[in-house]
Amino acid sequence: EYAGKVTPELRDNFATMVEKISDHLNKKFDQVTLSIDVYASASDNKQLWDMPRIAQAVDYVVVMAYDYHRRGSPQAGPVAPLFGGKDRWSSDIHQHLRQYLRFVPREKLLLGIPFYGYGWQTDSHSPQANSYPDTGFTATYTYVQKLLKNEEKLVIHTGWDEEALSPYLSYEKDDKIYMIYYEDELSIKFKIEYAKQLDLAGIAIWAIGYEGEGRELWEVIETL
């Protein structure tokens, strides 16, 4: 992960480093797998990662296809929207994966999927409500399931975003409104089916453990 200033020299040096690591490992070991995780937005090939060069050197490219909305986002929204980017938010998974396939062979691409979402205090129950500054929080699958079981006796409103293919919910607590976009069995199923339709190498997960002791998400993965 890198968010600093990118120079041509830095970009070249990073790709060279990956190539040298790959050469060293291939010479030293008979069987070794080298992968690199990159932002979904690295698909535009203008950031630190020279994807055409890196894709030749590694065995897998893991696309971290999440954090399209974050804790600090000014509006509530999905963490990993499959579609809807052009009209409702800046981008989506489909837009970025189409770009990646220009540089990376599909048999090397792994779609990174989240076992979490984000929540915010918002100014309404609207799915894209404005969020209050510094109120964002991570909502793991486990956390959301506890909420949905209504352990705190909250009145919870649930919904489904047809473009993002993502669930969301809202509730009130202490006279404040909270909105959460999260992932569940259905949204994970859509992401895996999408990866299969593109004939990608597979999926990766952030983060194992966020699902708690439940088997629901793993059952979806096992059946697809």
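Computed values, structure above
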quantity: Tally, over the range 210-224, of residues that are open to solvent by 50 Å² or more (accessible area, probe 1.4 Å) and over 15 Å from the mean Cα position of the chain (by Cα); calculated: 8
quantity: Criterion violated by LYS176 - all others in (1) under 30 Å from THR223 (Cβ atoms); (2) surrounded by fewer than 17 Cβ atoms within 10 Å (Cβ to Cβ) satisfied; calculated: (1)
quantity: The range 59-75, subset of a type in the set (D, E, K, R) and free of Cβ contacts under 8 Å to residues at least 60 places away in the same chain, residue nearest to THR33 (Cα to Cα); calculated: ASP59
quantity: Which numbered condition ALA55 misses (of (1) closer than 22 Å to TYR194 by Cβ; (2) of a type outside the set (S, T, N, Q); (3) under 17 Å from the mean Cα position of the chain (by Cα)); calculated: (3)
quantity: Residue count for the range 149-173, restricted to those that are without any contact (Cβ under 8 Å) to a residue 12 or more places away in the chain and either of a type in the set (Asp, Glu) or open to solvent by 70 Å² or more (accessible area, probe 1.4 Å) (or both); calculated: 5
quantity: Given (1) over 19 Å from the mean Cα position of the chain (by Cα); (2) closer than 22 Å to ALA3 by Cα; (3) open to solvent by 50 Å² or more (accessible area, probe 1.4 Å), index of the condition ASP123 fails; calculated: (2)
quantity: 2 or more residues modelled with pLDDT of 95 or more and open to solvent by less than 40 Å² (accessible area, probe 1.4 Å): qualifying helices (runs of 4 or more DSSP H) within the range 4-94; calculated: 8-28, 51-57
quantity: Number of the condition not met by SER170 [criteria: (1) assigned to a helix (DSSP H, G or I); (2) closer than 18 Å to ARG70 by Cα; (3) among the small types (Gly, Ala, Ser)]; calculated: (1)
quantity: Meets criteria (in a loop (DSSP other than H, G, I, E, B), among the aromatic types (Phe, Trp, Tyr), touching a strand residue (DSSP E or B) at 6+ places or on another chain (Cβ under 9 Å) and surrounded by 14 or more Cβ atoms within 10 Å (Cβ to Cβ)) for TYR194; calculated: no
quantity: Flag if LEU109 is over 20 Å from PHE83 (Cβ atoms) and buried (at least 18 other Cβ atoms within 10 Å of the Cβ); calculated: no
quantity: Selection count, the range 201-218, where residues are outside any loop (DSSP other than H, G, I, E, B), of a type in the set (Gly, Ala, Ser) and under 23 Å from PHE137 (Cα atoms); calculated: 1
quantity: Count of the range 197-209 residues which are surrounded by fewer than 13 Cβ atoms within 10 Å (Cβ to Cβ) and either more than 16 Å from GLY117 (Cα to Cα) or not small (Gly, Ala, Ser) (or both); calculated: 3
quantity: Filtered residue count, the range 126-148, keeping only those that are open to solvent by 70 Å² or more (accessible area, probe 1.4 Å) and assigned to a loop (DSSP other than H, G, I, E, B); calculated: 3
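The values are calculated or read from the model by the stated rules, or taken from the named source; none is laboratory data. In this text the structure is predicted, and so the values were computed from the model without any measurement. Glycine gets a Cβ as well: all are built from the backbone with ideal geometry, and neighbour counts include every protein chain shown. For accessibility, only protein heavy atoms count, side chains too; no ligands or nucleic acids. Shrake-Rupley method; radii C 1.70, N 1.55, O 1.52, S 1.80 Å.
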